[in-house]
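**Student:** Sharing a structure, written as structure tokens. Questions coming.
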């Protein structure tokens, strides 16, 4: 008789085989061959070169569409295609100008897979709004996207660039740069936070962008934050619009659809919210320990079986009424109810140098940016569980990290505090950051002891900040929803706000700010919405 573990292993193996079969079928259906060329220095057989060979070999075994040739840097083809760094991987260089500096591992593997597929298709599959913007480009655009293997936002931004190069091979070229493989190039561009995108050596994007916003930034050669579609934007009519694709929003979407409501989830940033940036999630039911991004992938995959998700869209306006109108950066919704699951965002220190050096040594995500600081000295500002978790993550990556806390004791869970001690991570107690120093990148910090008043200057290469969150209540405030004393959305026990048809759930309500509570609140809010739409409480009050 088979054991449970044996059955689980067989199920996982069958799932993997099914995925590989689907992948082979996808490559076999592609109309174009995908020639790959790698250029290396003589005698330079480093880990990136070896990894590229292994990855390409795995893809070649799946499809005869993929071919591979390797040359030394002194080959005439290197001159023809202006290759000057080792190793450099070129994708279909006779048709496109797409190159990889480093090796596509971790999150970067998703970028590589999609790049191969788009190159094999010979078309970008961009929407009409994006194509309209790219058509306006009339001079060359040389793009550099700086990425890391641990960054969950990087695939979206890098693939935006690849698709632009596929669509406009006459004017658009792309270099995908691994910051660990090319630290000197990252230093040259002060790209200390990923993803960062440059076009013609001008910063056009810091973080992931929707495809329309990316195209607009590429056209204007300056960062854009919003894309306003034409007046004939698509209209979506349904029962519920969930604003926010974190744990609360995803759970609400699932439970709404299971209740029989037609729902949509809108998320302007990366799906999963703060969870996607959490190195390790401990004791989420069913998992003793699981990577934050892995948990997000599981949640999103589950949600997609039920609810339509609109990723990369920003909600611009909500007009209460019957129906409620929700206007986004890409379309308009007419709906019977709205759930605000907008979460919370990182709180800033608000000191000189923080904003100016953001992405240039100032970071709010150790998962994304930690690899660049291996062997370097940084501080982690904060004293809660998030700050301690991030400090431990940096230390395990080989970063020399010191915790800076304004109080004389930590607010973190005891188990985390013990790990801090076990890893010999020093703490500067009763200490506050007064200023972050540096011209082009972080070079140090001014610190002050709030007990003694003593001021010191500490030379560091990076400043990581984890001092809590601010609720994302701009939309709530805009439509007149009442907030509590702490600035979170005021609601009743069934997640109803003061405006009929508008509900809230998750971190935007305050409370424990735990993944498990957010998912529970999202599910509870969805069930309340179903009951209310069947028997609207506001009509009963009116009578």
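Any read-out appearing in this document is the output of simple, stated calculations on the displayed coordinates, not a laboratory observation. Quick caveat: nothing in here was measured; it's all calculated off a predicted structure. Neighbour counts are summed over all protein chains in view; Cβ atoms, including those assigned to glycine, are modelled from backbone coordinates with ideal geometry.
**Student:** Which length gain, in nm to one decimal place, applies between residue 44 and residue 61 when the Cα-Cα distance is subtracted from 0.36 nm times their residue separation?
**Tutor:** Result: 3.6 nm gained on full extension.
**Student:** If you take every DSSP beta bridge whose two residues both sit in the chain, what share of them, in percent to the nearest 5, is antiparallel?
**Tutor:** 45 percent
**Student:** In segment 25-129, how does Rg compare with the Kirkwood Rh, expressed as the Rg/Rh ratio over alpha carbon atoms?
**Tutor:** So for segment 25-129, dividing Rg by the Kirkwood Rh gives 0.97.
**Student:** Take the alpha carbon atoms of segment 189-218, find their center, do the same for segment 140-161, and report the distance between the two centers in whole angstrom.
**Tutor:** 8 Å
**Student:** Helix-derived [θ] at 222 nm for the chain: sum -39500 (n - 2.57) over DSSP H runs of at least 4, divide by residue count, nearest 500?
**Tutor:** Taken over the chain, the calculation gives -10000 deg cm²/dmol.
**Student:** A follow-up question, please. For segment 31-220, taking Cα atoms only, what is the radius of gyration to one decimal and the Dmax to the nearest whole Å?
**Tutor:** 15.5, 48
**Student:** Cα atoms only: what Rg and Dmax, in Å, come out for the chain?
**Tutor:** Rg, Dmax (Cα atoms, Å): 24.7, 84.
**Student:** Place the peptides 439-447, 88-96 in order of packing, highest mean first, counting for every residue the other Cβ atoms within 10 Å and averaging per peptide.
**Tutor:** 88-96, 439-447
**Student:** Let me ask another. So if we plug the beta-carbon distance of residue 20 and residue 306 into 1/(1 + (r/R0)^6) with R0 = 30 Å, what FRET efficiency do we get, rounded to 0.05?
**Tutor:** Details: r = 26 Å, r/R0 = 0.88.
In this case the efficiency is close to 0.70.
**Student:** Return, ordered by residue number, the residues of segment 247-277 whose backbone nitrogen is under 20 Å from a label point located 7 Å along Cα→Cβ of residue 484.
**Tutor:** 247-249
**Student:** A further question on this structure: Quick check: convex hull of the Cα atoms in segment 114-235, volume per residue, rounded to a whole Å³?
**Tutor:** 111 Å³
**Student:** OK, next. Peptides 118-126, 22-30: what's the order by average Cβ count within 10 Å, highest mean first?
**Tutor:** Working: 118-126: 18.2, 22-30: 13.6.
Packing order, densest peptide first, comes out as 118-126, 22-30.
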